[in-house]
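The values are calculated or read from the model by the stated rules, or taken from the named source; none is laboratory data. Owing to the predicted nature of the structure, the values given are computational and were not obtained by experimental measurement. All Cβ positions, even for glycine, are placed from backbone atoms using ideal geometry, and neighbour counts span all protein chains on display. Keep in mind that these areas ignore ligands, DNA and RNA; they rest on the heavy atoms of the full protein, side chains included. Shrake-Rupley method; radii C 1.70, N 1.55, O 1.52, S 1.80 Å.
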Amino acid sequence: MKKFNFCLLGVLFLLTFSVSFAGTKPLDGLRDYNGTYKGSPGTGTIEYRSGINTGTLYRDNEDFGSVSGCNGEGCGSHGGVDIPIISGTLVKASFAGEVVKAECETNLGWGGLVVIKSISPYNSSEIIYTSYAHLRNWSYYSVGNQVVEGSVIGESGGGAGDVCSGTSGGAHLHFQIDKNHAFYKPWYPQLINRTYNTPDSDFKVTEYTYNPIVFVVGGYNWTFADQGNSEYWTDLNTSYSGIESDIYWIDGNYDPYIWRNGDVNGYVNCEPELTTLTKPCSAQITADANIYKWVMVNIQNFCITNPMKVYYKTSLDDTWSEIKSNSFDYTSPANYWFYMGNDPNWVGIIKNIRIDPAVNCDPASFDPNYFYQITLQR
Ligand SMILES: [Zn+2]
């Protein structure tokens, strides 16, 4: 895009909001999750990729999209996340609970494996299982031990030369949260006659597992704190737009909006640094509607034509419509909280969201809208 020689109008540096955690991240310094390989900029040093080497996102694949045609959420059936990390990194328990597995698992390829049974932080009558795989040290605790949240339960591995690395393409931690299903834990797609590379178009993976880092952090977090990185959001009906100074800014026309939906196929360009990815990336998200009921938009409008609106699509209704929306009148720069939980259509898995900062803006003048941060959270 041709760069407009103007400076952003009246930038107010609104405070970045941090999502209220439900548990402890398995790795210190791990970024919040935003459904991209770089993770939420400005929230940590550890990304879901290392250099050009991508990890594996939730419901992602391990074949760079050769089966599904895309990379990222929904493009596969991976039940957890793979975080590329140097071997020997301390791994922490995300929730308090009982160790039910601490072993070198050799049949299925998990390698050094610890599984902890816990009470869900979102529902005291629900049991969840948190798994940490490809560990080079899984013996900090034994089966039957109780662990407290945040305690070190192992050391990451999975690299060449690591003991008990299992089926691993390089040093990384596989982190997964299973629901209380009847299958082996950690769940894997072959249990339902699929491969990791089968696109999860019917959201089957979410019947057995939770989007793990989203579950621990308490939601998705888009910070726009990385110059030029739209975090897989795109804008429509705009004259100009950009991501700079911690702002996703748009100069809108009639009916301007940004969405996490991508193109007609639901795709966006992957991060340019990830040269190994030749297929596009998915703009899909995976958020349980019964847990994450708030959309927070930190915004400053210079084009003010109310109301602002949030629209969404779900695993049960894959269409955009007025009945699946929520609105709020803009007054001044602030965090705007859209409570979606009372909406009868906010059910199943939220797979795409769209935000309209204003009804219409003036195509003939520079009347921008500044998005500082967006969260979808508990
Ligand atoms: Zn994995």
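Give me the percent relative contact order of the chain, please, defined on Cα pairs under 8 angstrom at least 6 residues apart. Walk me through the intermediate numbers first.
Working: 1066 pairs, mean separation 66.9, N = 378.
Normalised by residue count, the contact order of the chain is 18 percent.
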(message) I'd like to compare 164-172, 138-146, 239-247: which one has the highest average count of other Cβ atoms within 10 Å, and what's the full order after that?
(response) 164-172, 239-247, 138-146
(message) Quick check for you: with a 1.4 Å probe and neighbouring chains kept, what is the accessible area per residue of the range 221-377, in Å²?
(response) 37
(message) With unit charges on the beta carbons (Lys and Arg positive, Asp and Glu negative) and the dipole taken about the Cα centre of the chain, which residue among Val359, Cys164, Thr36 sits farthest to the positive side?
(response) Cys164
(request) Once you have all Cα-Cα distances for the range 54-193, histogram them in 10 Å bins from zero and send the whole-percent values. (result) 13, 42, 35, 9, 0
(request) Could you run the Karplus curve 6.51 cos²θ - 1.76 cosθ + 1.60 with θ = phi - 60° over the range 90-98 and give me ³J(HN,Hα) per residue in whole Hz, x for Gly and Pro? (result) 5, 10, 10, 6, 6, 9, 5, x, 9
(message) Below 22 Å, Cα to Cα, which lysines can Lys279 reach? Residues fewer than 8 away in the same chain don't count.
(response) Lys38, Lys351
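To the nearest 500 deg cm²/dmol, what mean residue ellipticity at 222 nm is calculated for the chain from DSSP H runs of n ≥ 4 alone, each contributing -39,500 (n - 2.57), summed and divided by the residues? Mind dumping the intermediate values first?
Working: 2 runs with 10 residues, N = 378.
So the helix-based figure for the chain works out to -500 deg cm²/dmol.
How much of the pair distance distribution for the range 275-378 lies past 16 Å, counting alpha-carbon pairs only, in percent? Don't skip to the answer; put the middle values down first.
Details: 3188 of 5356 pairs.
More than 16 Å apart: 60 percent of the Cα pairs in the range 275-378.
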(request) Treating cross-link reach as a plain straight distance, find the aspartates and glutamates whose alpha-carbon is under 13 Å from the alpha-carbon of Lys313, omitting any fewer than eight places away in the same chain. (result) Asp288, Glu322, Asp343
(message) I'd like to compare 320-330, 266-276, 52-62, 252-262: which one has the highest average count of other Cβ atoms within 10 Å, and what's the full order after that?
(response) 52-62, 252-262, 266-276, 320-330
(message) Over all directions, how big on average is the projection of the convex hull of the alpha-carbon atoms in the chain, in square nanometres?
(response) 18.0
(message) Is there a quick way to get the dipole size of the chain? I mean about its Cα centre, with the Cβ of Lys and Arg at +1 and of Asp and Glu at -1; what is the value in debye to the nearest 20?
(response) 460
(request) Among Tyr257, Ser332, Thr276, pick out the residue whose Cα is farthest towards the positive end of the charge dipole of the range 240-378, where Lys and Arg carry +1 and Asp and Glu carry -1 on C-beta, about the Cα centre. (result) Thr276
(request) Quick one: dipole size for the range 221-377, taken about the Cα centre, charges +1 on Lys/Arg Cβ and -1 on Asp/Glu Cβ, in debye to the nearest 20. (result) 460
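Over the range 54-193, with the other protein chains present, what is the accessible area per residue in square angstrom, probe 1.4 angstrom?
Numbers: 5060 Å² over 140 residues.
Per-residue accessible area for the range 54-193 comes out at 36 Å².
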(request) With a 10 Å radius around each residue's Cβ, average the other Cβ atoms per peptide and rank 363-369, 350-356, highest first. (result) 350-356, 363-369
(message) Accessible area of the chain with a 1.4 Å probe: how many percent of it is carbon plus sulfur?
(response) 52
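Let me spell out the model: positive unit charges on the Cβ of Lys and Arg, negative unit charges on the Cβ of Asp and Glu, origin at the Cα centre of the range 157-314. What dipole size does that give, in debye rounded to 20?
Details: 9 positive and 16 negative charges, 130 e Å.
Roughly 620 debye for the range 157-314.
Normalised by the residues of the range 221-377, what does the relative contact order come to in percent, with Cα pairs under 8 Å and at least six apart?
On the way: 388 pairs, mean separation 52.3, N = 157.
Result for the range 221-377 is 33 percent.
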